[in-house]
Amino acid sequence: MNSRANLECAIAAIDRANQADPNREQVDHEYLPREYAYSLHMTRWLFELEPKPSARMQIACRAQHLERWTMPRSDYGEGRKNYYLWRQACGLMHGRRAAGIMSECGYSPEECERVETILTKRNLRDDEETQLLEDVACMVFLERYFAQFFDDNPEYDKEKWLRIVRRTWGKMTPRGHSAALKLAGCMPAHLQALLQEALAGES
């Protein structure tokens, strides 16, 4: 199997897995399985930030939320500590599943392990590929989910929202920051104002 065929095999298998998501998300005029829709957003933003991404980055971005619905947030209890435990467990699960799929599609153990490492984000600040994955994920959040997340949490006060925006910003590289600032002009006015205040506080 050549490298193009390896990649197509892995992407197709990840898509089949994510298309089993029973939850739905509207994309344009179509309702898609939620994690499959998310994976398409990840791929689109990967190519926005890195026009010629490696095959392993294409796989990692497609697998960022691979079968996440099988590990519900509610299984881990309330609170920030439990949220991070859930996130870590998800990363491990996504990494193992992606590595297994890659192995079945003819990738070497080294390439499988590399994608697993990227997805678990073990070396976020020191690993350029892991950081690229984080930039892509932050852009997808800001574009597709931030507004709904804001509406779904009216109990959060302004200071908490400022912390959320600053934490998101702090995860990103200058490349991500540049893309986010361009995107900000398309956000609802209240989110633009929140972003401006959060970043002013960082300066």
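Values quoted throughout were computed directly from the atomic coordinates according to the rules given, and no laboratory measurement underlies them. Quick caveat, the model's predicted, so the values are computed rather than measured. Neighbour counts run over all protein chains shown; Cβ positions are idealised from the backbone, glycine included.
Structure notes:
- Note: relative contact order over the chain, using C-alpha pairs below 8 Å and six or more positions apart, is 18 percent.
- Taken one residue at a time, the phi angles of the stretch 118-123 give Karplus couplings (6.51, -1.76, 1.60, θ = phi - 60°) of 4, 6, 7, 6, 5, 10 Hz. Gly and Pro are set to x.
- Restricting the stretch 92-128 to trypsin sites (Lys or Arg not before Pro) in coil, as DSSP defines it, with at most 16 other Cβ within 10 Å: Arg122, Arg125
- 0 to 90° range, to nearest 10: angle between helix 34-49 axis and the chain longest Cα axis: 80
- Shape of the stretch 1-120, Cα gyration tensor, a/c cut at 1.5: oblate
- The mean sequence distance of close C-alpha pairs (under 8 Å, at least 6 residues apart), as a share of the length of the stretch 12-124, puts its relative contact order at 23 percent.
- Were the residues from Gln88 through Phe141 laid out at 0.36 nm apart, the gain over their Cα-Cα distance would be 17.3 nm.
- Compared with the direct C-alpha span, the chain from Ala184 to Asp75 gains 35.9 nm at full extension, assuming 0.36 nm per residue.
- Taking amide H as placed 1.01 Å from N in the peptide plane, the amide H of Val27 sits under 5 Å from that of Leu32, each at least 5 places away or on another chain.
- The simple Förster model, with R0 at 25 Å and r as the Cβ-Cβ distance, assigns Arg44 and Arg175 a FRET efficiency of 0.95.
- Net length gained if the chain between Lys52 and Glu128 were fully extended (0.36 nm per residue, minus Cα distance): 25.9 nm
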